[in-house]
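Q: Structure incoming, see below.
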Amino acid sequence: MRSDLGPGVAVVGLVTGSAGLGKTTFAVRAAHAVRRGFPDGVFFVDLFGMSQRPLPVDDALALLLGALGVAARQVPAGTHGRASLYRSLLRERRVLVLLDNAASEEQVRPLLPAGGAARVLVTSRRLLSGLEGVRRLVLGPLQLPEATELLTGIVGERSATDGEPALTRLAQLCGGLPLALRIIGNRLVSRPDWGADELARRLADEERRLEQFRAGDLKIANAFGMSYEQLAPAARRIFRRLA
């Protein structure tokens, strides 16, 4: 996301994809890569879109206004007043706002600029197809060579001991999900006595595979569980019956 105002440059970028694909990591890395083009600041707000209580728009605006230097006593009371002040400030500054984990178009719209040099990068598991004039990027699973490279980088020096075939097999069982690769890599690093072959054998058991994707408090089931909780009762029932 560039900061210049040339023709065709999008003011808002939207990164979407399912759970575990690394949308937040991708967006944060992108923000770091271009931060020099935004001398007035790079701001991050977690909108908690997949939780039971997404961040209210008023609270998000208050956080952003505070980051932009507005004292708490000067923050307008209502959504309209806060959004107007926020957009006025964005017109005057070169800032990048990263809105992570958006729940809906309604949550995002008041947080978008109305022109000027500011840029916004949004991540969401939903397509947010109601947003107009945004540049969209849909993330998908990593290809096997990329997944193997990522896993090899995570395990570091022990990759020579485990061997490429075993790591490739593990990467294949992770389904190209960066979160799953991170968890499996962390398990190998934290347990030097475990071999990649042994862990691959554990993952090969489809009925118990999901429970293997955990490292400390990092669990891939949590990421999928949040998506499941957002489904309508009928959709949840279908998934349970399919299982």
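The values are calculated or read from the model by the stated rules, or taken from the named source; none is laboratory data. Quick caveat, the model's predicted, so the values are computed rather than measured. With ideal geometry, Cβ positions are generated from the backbone for all residues, glycine too; neighbour counts draw on all protein chains shown. When the accessible area is computed, the model is the full protein with side chains, heavy atoms only, and any ligands, DNA or RNA have been set aside. Shrake-Rupley method; radii C 1.70, N 1.55, O 1.52, S 1.80 Å.
Q: For the stretch 65-85, which positions are touching a Pro at 6+ places or on another chain (Cβ under 8 Å) and either not in a helix (DSSP H, G or I) or not polar (S, T, N, Q) (or both)? First the steps, then the outcome.
A: First pass over the stretch 65-85, keeping only residues touching a Pro at 6+ places or on another chain (Cβ under 8 Å): 79, 82-85.
Across the stretch 65-85, the qualifying residues are ARG82, ALA83, LEU85.
Q: Go through ALA67, ALA71, ALA102 for me and flag whichever is aliphatic (A, V, I, L, M), out of contact with any Lys or Arg (no Cβ under 7 Å at 6 or more places or on another chain) and open to solvent by less than 20 Å² (accessible area, probe 1.4 Å). It would help to see each step written out before you state the result.
A: On the way: ALA67 fails: open to solvent by less than 20 Å² (accessible area, probe 1.4 Å); ALA71 fails: open to solvent by less than 20 Å² (accessible area, probe 1.4 Å).
Matching residue, one of ALA67, ALA71, ALA102: ALA102.
Q: Working only within the stretch 71-93, note down all residues that are touching a helix residue (DSSP H, G or I) at 6+ places or on another chain (Cβ under 6 Å) and not hydroxyl-bearing (Ser, Thr, Tyr).
A: Result: VAL75, PRO76, ARG82, ALA83.
Q: Shifting gears a bit: Filter the stretch 85-99 down to the residues that are open to solvent by 20 Å² or more (accessible area, probe 1.4 Å) and either touching a strand residue (DSSP E or B) at 6+ places or on another chain (Cβ under 6 Å) or free of Cβ contacts under 8 Å to residues at least 24 places away in the same chain (or both) and list them by number. Steps first, answer last, please.
A: Filtering the stretch 85-99 for residues open to solvent by 20 Å² or more (accessible area, probe 1.4 Å) gives 85, 87-89, 91-94.
Correct list: LEU85, SER88.
Q: Spot the failing condition for GLN52; the list is (1) at pLDDT 95 or above; (2) more than 15 Å from the chain's Cα centre (by Cα); (3) not aromatic (Phe, Trp, Tyr), and only one is missed.
A: Looking at each condition in turn, GLN52 falls short on (1).
Q: Restricting attention to the stretch 192-199, does a residue exist that is closer than 19 Å to GLY20 by Cβ and touching a helix residue (DSSP H, G or I) at 6+ places or on another chain (Cβ under 9 Å)?
A: Scanning the stretch 192-199, I find at least one residue that is closer than 19 Å to GLY20 by Cβ and touching a helix residue (DSSP H, G or I) at 6+ places or on another chain (Cβ under 9 Å), so the answer is yes.
Q: Please specify each residue of the stretch 122-162 satisfying the condition of being open to solvent by less than 20 Å² (accessible area, probe 1.4 Å) and either closer than 22 Å to VAL42 by Cα or outside any helix (DSSP H, G or I) (or both).
A: So the first thing to find is which residues in the stretch 122-162 are open to solvent by less than 20 Å² (accessible area, probe 1.4 Å), and the list is 122-124, 128, 131, 147-148, 151, 155.
Residues satisfying the conditions are VAL122, THR123, SER124, LEU128, LEU131.
Q: Considering only residues of the stretch 185-237 that are of a type in the set (D, E, K, R) and assigned to a loop (DSSP other than H, G, I, E, B), which is farthest from ASP162 (Cα to Cα)?
A: Taking the stretch 185-237 and keeping what is of a type in the set (D, E, K, R), we get 187, 191, 193, 197-198, 201-202, 205-209, 211, 214, 217, 219, 229, 236-237.
Subset that is assigned to a loop (DSSP other than H, G, I, E, B): 191, 193, 205, 217.
On the way: ARG191: 13, ASP193: 11, ASP205: 20, ASP217: 25 Å.
Once the filter is applied, the top-ranked residue is ASP217.
Q: Looking at the stretch 34-42, can you tell me whether even one residue there is over 17 Å from PRO113 (Cβ atoms), under 22 Å from the mean Cα position of the chain (by Cα), outside any helix (DSSP H, G or I) and at pLDDT 95 or above?
A: No: the stretch 34-42 contains no residue that is over 17 Å from PRO113 (Cβ atoms), under 22 Å from the mean Cα position of the chain (by Cα), outside any helix (DSSP H, G or I) and at pLDDT 95 or above.
Q: Still on this model: Could you list all residues from the stretch 209-243 that are free of Cβ contacts under 8 Å to residues at least 12 places away in the same chain, within 21 Å of PRO54 (Cα to Cα) and under 21 Å from the mean Cα position of the chain (by Cα)?
A: ALA221, ASN222, GLY225, TYR228, LEU231
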